[in-house]
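Readers should treat all values here as calculations from the given coordinates under stated rules, not as data from a laboratory. Everything numeric in this text was worked out from a predicted model, so none of it was measured. Positions of Cβ are backbone-derived with ideal geometry, glycine not excepted, and every protein chain shown enters the neighbour counts.
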2 protein chains.
Amino acid sequence: MVPDAIRTWQMTEPGRLESRTVPTPALGPDEAPGEIRGCGVCHTDLSYFYLGVPTIQKPPLTLGHEIAGVVVAGPERLLGREVVVPAVLPCNDCDICRAGRGNRCLGQKMPGNSLGIWGGFASHIPVPAADLCPVPAHDGVPLEHLAVVADAVTTPYQAARRARLGPGDRVVVIGAAGGVGSFMTQVARGMGADTVIGIDINAAKLERMRGYGADFTIDPRGKSSKDVKELIKSYCRSRGLPANYGWKIFEVTGTRPGQELALALLSFVGTLVVVGYGTEETSYMLSKLMAFDAELIGTWGCPPAAYPQVLDMCVSGRIALAPFVETRPMSEIARVFEQAHHGALDRRVVLTPDF
Amino acid sequence: MVPDAIRTWQMTEPGRLESRTVPTPALGPDEAPGEIRGCGVCHTDLSYFYLGVPTIQKPPLTLGHEIAGVVVAGPERLLGREVVVPAVLPCNDCDICRAGRGNRCLGQKMPGNSLGIWGGFASHIPVPAADLCPVPAHDGVPLEHLAVVADAVTTPYQAARRARLGPGDRVVVIGAAGGVGSFMTQVARGMGADTVIGIDINAAKLERMRGYGADFTIDPRGKSSKDVKELIKSYCRSRGLPANYGWKIFEVTGTRPGQELALALLSFVGTLVVVGYGTEETSYMLSKLMAFDAELIGTWGCPPAAYPQVLDMCVSGRIALAPFVETRPMSEIARVFEQAHHGALDRRVVLTPDF
């Protein structure tokens with residue numbers, strides 16, 4: 001049932017959250033409002049809130065784009081269904097969408113940024129029905145946990161698809177223990193990578209990744225790119241693996257040191273996928289790409305059509321969510337933002353509506 | 001018939017050519033010596049000769065890697081056949097070769113660089129038989145002209161394949177009028193590109209490319225990247241084409257200004273292919289690749305298995321060789337090197353043995 005009003009935590013201006021009740025808008029025939037069961041807190045939200053990164057819809061608006069919920073009105077095929085709301089909703093009607101690149105559709109809408117004032121830190125959200133992704137049977141995996149599929153898991157999946165990752169591949173994840181990186185590590189293993197090396201400056205979290213896809217880990221603090229390379233070489237020697245060709249490197253940190261290390265590790269017929277966002281420039285001799293026959297791929301979001309494969313990996317346990325996700329009541333949003341901003345959270349937090 | 005000795009112009013040291021006669025070596029069972037009918041002069045040869053770029057085989061050696069000839073001994077299937085000798089000869093027996101990336105095989109041999117002392121500026125050359133590429137019927141296209149297929153035409157073809165170039169594509173070639181770039185322009189058109197914009201600082205040569213694949217040309221001298229972008233935008237407006245997404249950019253100059261322009265032109269779901277070699281670094285915000293969902297691809301040589309498609313394009317006239325190639329007697333090699341080094345040649349020169 002569609003309520004008359006929607007409870008929501010709006011960002012009224014950067015740095016300020018207010019609990020508000022907003023009248024439910026008139027719904028178009030292609031809209032399927034969802035009752036929200038959980039919305040993940042992502043660093044993108046924190047960038048809008050703390051760092052002055054502008055949202056496309058000017059405040060006030062509701063942030064939040066990792067949403068799982070239940071459809072309460074709209075097309076029959078979706079009514080009453082549990083769904084994940086993709087973080088990027090393509091227009092499905094332009095050249096880019098028709099070319100299968102809808103994740104970078106220029107008319108795309110993002111909950112918590114450009115879907116009018118609507119986002120996931122709310123009781124309900126009106127969304128276009130076309131791209132909602134129904135959730136399969138998920139014994140033992142709470143629906144709220146599946147909220148993080150909408151960005152933290154599908155973004156790495158799409159990154160892996162762009163790199164044509166498959167059985168036998170050798171992978172390095174830079175930022176392997178972070179909110180997105182930990183899933184990047186799991187996705188790589190889940191898609192059949194033979195070897196996954198995790199690199200992260202959070203040694204404790206990184207150590208944990210050995211149980212979730214990482215074969216070998218490196219804490220790069222105090223080490224030069226050359227030192228890191230040597231560690232990889234010596235690991236390769238011990239395992240009988242080639243060190244200097246064919247590696248697929250995923251840079252998830254978006255930091256300059258992370259990107260510089262990624263570029264330094266790139267070699268013959270290698271692939272470097274830029275997953276993390278940062279605003280600094282790096283310097284590189286482009287002709288090395290030529291000499292290496294290598295490529296550098298940037299990746300943005302994930303087409304909704306690929307969500308079912310990711311949900312399957314999550315509900316089947318090939319990707320573990322529980323150790324990396326915790327739920328907290330949405331009424332604690334301000335405190336959770338503060339903790340996330342100060343790196344005080346061990347897991348990705350999904351806020352569940354209580355208001 | 002295999003001669004007892006091979007006539008050759010050897011680079012005895014950088015900057016010095018000598019006519020020498022070398023005893024024909026004992027040939028292995030997998031070798032098919034070719035009588036050389038023509039060998040193209042490439043900027044790579046000039047880099048070894050004038051710029052101190054080291055060859056893998058230390059001098060004395062014979063330069064030249066764009067070779068067409070006739071097989072005079074070896075396997076029955078090749079005997080007497082006209083062939084092109086690929087510029088990059090993979091080992092065909094390593095992980096990289098098995099993955100279809102033989103053009104970047106780490107055990108590869110290159111005539112005029114790492115195939116022992118042997119290169120194309122000679123009467124004959126002993127080469128591995130496995131990758132020789134038989135030439136189809138070529139009415140009206142002299143065999144000597146087909147020598148340039150071995151690098152100047154196959155390298156752009158492979159670049160286009162890496163960019164998945166096909167019908168309907170919009171292409172920019174930076175360095176569109178040069179030795180490789182003019183074929184890049186033709187290859188793009190020949191593979192079905194809808195729009196090809198040629199950019200080059202040689203205005204006269206560039207103008208000629210309008211008859212060979214370029215729909216629109218830009219001389220970037222005295223123009224900022226922004227100016228060039230504006231010219232492209234206004235061309236797109238006049239043709240009803242989208243300016244800000246989906247362009248495939250081929251950087252053939254290897255210069256820093258060329259690479260900087262290429263990076264400035266890269267936009268949404270775009271592709272930049274690094275074809276030209278240079279040693280300078282450029283600075284770039286890697287996260288733009290992420291925001292654009294774009295990619296940067298380096299490409300090296302071309303797998304011999306792709307040569308037949310390129311030869312077909314040349315003999316069928318989809319790629320015109322005659323206006324871009326001229327033959328000169330091999331005895332003029334020193335003069336041709338000098339002229340090429342000083343940019344005094346209008347066409348790619350193929351040297352034909354006369355000694």
Karplus-derived HN-Hα couplings along the stretch B:318-334 (A = 6.51, B = -1.76, C = 1.60, θ = phi - 60°), whole Hz, x at Gly and Pro: 4, 10, 8, 9, 3, x, 10, 10, 9, 9, 9, x, 4, 4, 8, 3, 5
Rounded tilt (10° steps) of A:225-239 against the dominant C-alpha axis of chain A: 80
Cut-off under 5 Å, modelled amide H: who pairs with residue A:351 long-range: A:39, A:40, A:41, A:328
Coordinate range along principal axes, alpha carbons of the stretch B:163-259, Å, largest first: 30, 26, 23
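Can you say what percent of the DSSP beta bridges in chain B, counting only those with both residues inside, are antiparallel? Round to 5. Present the calculation step by step, with values, prior to reporting the outcome.
Details: 29 of 56 bridges.
Of all bridge pairs located within chain B, approximately 50 percent are antiparallel.
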GNM result for chain B, Cα springs below 10 Å: residue of B:307, B:50, B:284 fluctuating most strongly: B:284
For the stretch A:100-141, the fraction of alpha-carbon pairs in successive 5 Å shells from zero, as %: 5, 16, 21, 21, 17, 12, 5, 0
Spread of Cα-to-Cα distances over 10 Å intervals beginning at zero, given as percent, for the stretch B:68-212: 11, 32, 34, 20, 3
Other copies of residue B:14: label-to-label distances in nm, shortest first, labels 7 Å along the beta-carbon direction: 5.2
Across B:248/B:288; B:226/B:248; B:229/B:288; A:288/B:109; B:109/B:248; A:233/A:288, pairs whose alpha-carbon gap is larger than 25 Å: B:109/B:248
Overall dimensions of the stretch A:1-63 by Cα: Rg and Dmax, Å: 13.2, 37
Between 0 and 90°, nearest 10: helix A:256-265 axis offset from chain A longest Cα axis: 50
Calculated label separations, residue B:240, copies of the chain, 7 Å along the beta-carbon direction, nm: 6.3
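When the Kirkwood hydrodynamic radius is evaluated over all pairs of different C-alpha atoms of the stretch B:1-113, what value in angstrom, to one decimal, is obtained?
Details: mean 1/r = 0.0648 Å⁻¹.
This gives a value of 15.4 Å.
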Sites residue B:139 and residue B:331, calculated FRET efficiency, Cβ-Cβ separation with R0 25 Å, nearest 0.05: 0.30
Label zone at residue B:13, where the point sits 7 Å out along the Cα-to-Cβ direction: the stretch B:27-61 residues whose backbone N lies under 17 Å: B:48-55, B:58-61
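Write down Rg/Rh for the stretch A:219-355, rounded to two decimals, with Rg from the C-alpha atoms and Rh from the Kirkwood relation over Cα pairs. List each step's numbers first, then the result.
Values: Rg = 19.1 Å, Rh = 18.2 Å.
Dividing the radius of gyration by the Kirkwood radius yields 1.05.
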Span per principal axis, largest first, for the Cα atoms of chain B (Å): 64, 40, 39
Tail beyond 21 Å, pair distance distribution of the stretch A:280-355 (Cα, percent): 60
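So if the hydrodynamic radius of the protein assembly as shown is defined as the Kirkwood radius over C-alpha pairs, what does Stokes-Einstein give as its diffusion coefficient at 25 °C and 0.890 mPa s, in µm² per second? Provide the component values of the computation, followed by the final result.
Working: Rh = 27.7 Å.
Using the Kirkwood radius from Cα pairs, D works out to 89 µm²/s.
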Residue-averaged beta-carbon neighbours from other chains (10 angstrom radius) around B:255-265: 1
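Given the convex hull of the Cα atoms of the stretch A:165-213, what is a quarter of its surface area in nm²?
Values: hull surface 10.9 nm².
If you wrap the Cα atoms of the stretch A:165-213 in a convex hull and average its projections, you get 2.7 nm².
Count, for each residue of B:295-303, the Cβ atoms from other chains sitting within 10 Å of its Cβ, then give me the mean as a whole number.
Other-chain Cβ atoms within 10 Å of each residue's Cβ, averaged: 6.
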Antiparallel DSSP beta bridges within the protein assembly as shown, as percent of all bridges there, nearest 5: 55
Ranked list, fewest to most other Cβ atoms within 10 Å of each Cβ, for B:239, B:189: B:239, B:189
With Cα atoms, 0 to 90° folded angle of helix B:181-190 axis to chain B main axis: 70
